[in-house]
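Worksheet: one structure, shown below.
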Amino acid sequence: MPFVVTYPWQWWLGRTPAGYPALHRIYSGWSKFSLALWGVPIEEIHEQAGPLPSPCVYVANHGSYIDIMLLFKTVPGFLNMMGKLSLAKVPLWGPLFAKVYITVDRASAVSRGRALVAARQGLAAGRSIAIFAEGRISPTPGRELLPLQDGAFQLAIAAGVPIVPVGMPLNHMFMADVKNSLRVRYHRLKIVFHPAIATTGLTAADVPALKARVAALLTADFLPEGAEKPGPSTWR
């Protein structure tokens, strides 16, 4: 209902780039309202004292469709987001998402290249970006991290901005990625912002070590209660 009620304003703001920051504020507010409406407790941990660096590249694990909502709720400012191309096909919301944020066809080298160029332009303008470096939702979220792709790390090094690893180990317990079915359960959520990792002076040769460092942090966030993927629901 909040989405439908605010859609005329979303459409209006999405007509020109000048309206995109206000449109993001609507999505951030929508995310906060939805998470509050669900009534699930959210544990937000910042391991580094002080405000989050800006701009930066947030590198997050991907385990659920609510990952974007939790990031929109907890990351301040006009956050950029890199998402899969299919998001642009979601009725009503999809075309607006494709305007305000970045969509990419990960099977296309050309699309990946254009996405990284757009992301670097956003960073140059002072806009942080969040990237799910696994490339897709893990089939075993909360238990196993998929190999991280190079793009987010190459982007941070090229732009000279820090990387902030972000762990979300329990989102899949609330909304699991189940084929042809939307399954929702009441379950607490947790998001961990690790200390920023500086990329100044690093080169492409440092990408493997940087990926390993971030992967170790994200894997360390996994919890025993999130190790098993939820089974079929009896009530929807």
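For Ala130, the residues whose modelled amide H falls within less than 5 Å of its own, excluding neighbours fewer than 5 places apart on the same chain, are Tyr58, Asn80, Met81, Met82. When only Cα pairs below 8 angstrom with a gap of at least 6 residues are kept, the range 1-99 shows a relative contact order of 31 percent.
Comparing Trp38, Asn61, Thr6 along the charge dipole axis of the chain, the residue lying farthest to the positive side is Thr6, per the Cβ-charge model. For the range 40-221, a simple Cβ point-charge model (Lys and Arg +1, Asp and Glu -1, everything else neutral) yields a dipole of about 540 debye relative to the Cα centre. Taking Arg15, Arg120, Arg185 as the candidate residues, the one with maximal mean-square fluctuation in a Gaussian network model of the chain, Cα springs under 10 Å, is Arg15.
Each of Thr140 and Ala220 was given a label point 7 Å from its Cα along the Cα-to-Cβ line. The distance between the two points is 2.2 nm.
Put simply, the chain fits an ellipsoid with semi-axes of 25, 24, 17 Å; these come from the alpha carbon gyration tensor as the roots of five times its eigenvalues, largest first.
Label zone of Arg213 (point 7 Å out along Cα→Cβ, amide N under 15 Å): in the range 47-85 this covers 57-59. Remark: relative contact order (the range 40-221) = 33 percent; criterion is Cα-Cα distance under 8 angstrom and separation of 6 or more residues.
Computed from the coordinates by the stated procedures, all read-outs in this text should not be read as laboratory data. In this text the structure is predicted, and so the values were computed from the model without any measurement. Positions of Cβ are backbone-derived with ideal geometry, glycine not excepted, and every protein chain shown enters the neighbour counts.
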